[in-house]
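First up is the structure itself, then whatever we jot down about it.
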Amino acid sequence: MFKQILSKLPRKSSKNSESRDGSHTMYSNPPNTSRSSDFGTSKSGNLVTSFPAGNPVSDVGKSYGNKNVRGANLKPNGFVLSSSYEALPGFRDVPNSEKQSLFIKKLNLCCVVFDFTDPTKHLKEKEIKRQTLLELVDYVTSANGKFTETVMQEIAKMVSTNLFRSFTPQPRENKLVEGFDLEEDEPSMDPAWPHLQLVYEFLLRFVASPETDAKLAKRYVDHSFILKLLDLFDSEDPREREYLKTILHRVYGKFMVHRPFIRKAINNIFYRFIFETEKHNGISELLEILGSIINGFALPLKEEHKLFLVRALIPLHKPKCLAMYHQQLSYSIIQFVEKDCKLADTVIRGLLKYWPITNSSKEVLFLSELEEVLEATQPSEFQRCMVPLFRQIAHCLNSSHFQVAERALFLWNNDHIENLIRQNRKVILPIIFPALEKNARNHWNQAVHSLTLNVHKIFQDLDPELYKECLLQFEEDESKEEEVKARRNATWRRLEEIAAKKAASNEPVLVFGKAPPRSS
């Protein structure tokens, strides 16, 4: 009877039982990634059990069979704490034959993810992990032998556990959508950065290491891994995005088999950003990577690359927050024009398609990019698009926003663009002359007025006869416009007089014209 009662009482787990098992089950709330299931069981058969996604974030994350993490106690609120998290010996303290085994143990030790929202908790354990990560970085940097498949699997497991996580969406104000200058705002910094930075540094050193065999590593740095890496570009921490930019560029360079997939995945991020959300923190970093990739494209350009320009890069001018990434976007587009001058017409017509109507600051950005594109444009391509282009420039010249008008007039300061205009002045001057003349007569800004007179003088000295013809045509059109305006005003006055007479005599006013069709 007493034996039955005693047998039901809970027993304390002894160190001997742990050493006999050679493993330890650690409960945690895993990162919200599909890849976490891939690394659920280590090679030694150590089981990792997780709570449903609805549980709170645990203070301590995964532990993959690490003997130095002992005595886990499950709390009622779903948090997991370790009663002992001990540092392992240094690599210098063990013989060379045991270094790889120690390396794997240290990787497993670093699979425990701590909660940094409370800076007062687990200070000792956090420092142990930080020191261990530093040792891992040094080990990978000074490695003098090829990494084995087992080591690569453990590396992928540790990196995935620490980095791949879901971001809690922060409330975004209207100024983000409107694309105003956000540099004055304090960027959001991840409190876990002391550990995250070392994991990123470790991954960077691993990818860049000559001891990493790309043919073997591609099994673990696979499509799923790359997609999770790309998801992290939406982090609000600029330090994290900077590391990701460098790492993804190294991955693109080392794993040639993944290059088409990486380009396609970035395309999909752009499509979602342009046509669905218009919200993403890492567009500028992704474009910076692409600028380097485009620079390395072989000639002649593949049709796939041209489609990428038309379907992804040019539509990136559409979102309101263009200012956040315009510099990188402009550089990528210029790379295409410099590699294939025939794309200049495509790019210019694309800019005209997405030209802003009411956003003056965005219009200034378009004009700046247009100048760079025109600088790389050949005369034959310029002639194909100059009519719609200078119709738009004429609108900019007449803009009441002085920065827009001023930026459009600055195009004449570029020697290459001025030569293109000179060669095609017989087509261009009649298009822009009315805008120039209106500016010269009554633009409110003195700088715009002065620049307009300079452009006037260029055309007048270059081709006096053409200038005179355009002036006469403008005066003729202006007189016709005055006549039309006078007739319109006379018609309205006559209607007002008729209406006033009818109102005085209480007679109905008949409106002659085609009656609207009756609705059945």
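Using 27 Å as the Cα-Cα cut-off, could you pick out the over-long pairs in K146/K254; K279/K342; K362/K485; K126/K157? Where the Cα-Cα span goes over 27 Å, the pairs concerned are K279/K342; K362/K485. At a probe radius of 1.4 angstrom, the accessible area of segment 174-314 per residue rounds to 47 square angstrom.
Round to the nearest 0.05 the FRET efficiency obtained for T120 and L495 when R0 = 56 Å and r is the Cβ-Cβ distance. That pair, T120 with L495, gives E of 0.10.
Around the Cα centre of segment 344-435, unit charges on the Cβ atoms of Lys, Arg, Asp and Glu (plus for the first two, minus for the last two) sum to a dipole of about 400 debye.
When the solvent-accessible area of segment 321-443 is split by element, carbon and sulfur atoms take up 46 percent of it, the probe being 1.4 Å.
For N267 and Q327, the difference between the fully extended length at 0.36 nm per residue and the C-alpha to C-alpha distance is 19.8 nm.
Here T141 and V387 are evaluated by their C-beta separation; at R0 = 51 Å the FRET efficiency comes out at 0.30. The translational diffusion coefficient of segment 239-372, from Stokes-Einstein at 25 °C and 0.890 mPa s with a Kirkwood hydrodynamic radius over alpha carbon pairs, comes to 160 µm²/s.
Put simply, when 413-420, 146-153, 247-254 are sorted by average Cβ atoms within 10 angstrom per residue, most first, you get 247-254, 146-153, 413-420. Once the C-beta distance of S292 and V427 is scaled by a Förster radius of 56 Å, the resulting FRET efficiency is 0.90 to the nearest 0.05. Extension gain for S361 to L299 (0.36 nm times residue separation, less C-alpha to C-alpha distance): 18.7 nm.
Amide H to amide H distances under 5 Å link F114 with G61, where only residues 5 or more positions off or on other chains count and H is placed in the peptide plane. Can you pick out the pairs among K438/K480; K106/K245; K105/K215 whose Cα atoms lie more than 18 Å from each other? Check vs 18 Å cut-off fails for K106/K245; K105/K215. Per residue, the accessible area of segment 323-423 comes to 43 Å², computed with a 1.4 Å probe over protein heavy atoms only. Summarising the label geometry, the points placed 7 Å from Cα in the beta-carbon direction at N442 and W412 lie 2.1 nm from one another. Here each label is just a point 7 Å from Cα along the line to Cβ, and for S188 and L462 those points are 5.1 nm apart. Expected output is a single nm value to one decimal: the length gained when fully extending between F275 and D213, i.e. 0.36 nm times separation in residues minus the C-alpha distance. What is it? Gain on extension, F275 to D213, equals 18.4 nm.
The values are calculated or read from the model by the stated rules, or taken from the named source; none is laboratory data. Worth saying up front: this structure is predicted, and the values here are computed from it rather than measured. In this analysis, Cβ positions are derived from the backbone assuming ideal geometry, glycine residues included, and neighbour counts consider all displayed protein chains. For accessibility, only protein heavy atoms count, side chains too; no ligands or nucleic acids. Shrake-Rupley method; radii C 1.70, N 1.55, O 1.52, S 1.80 Å.
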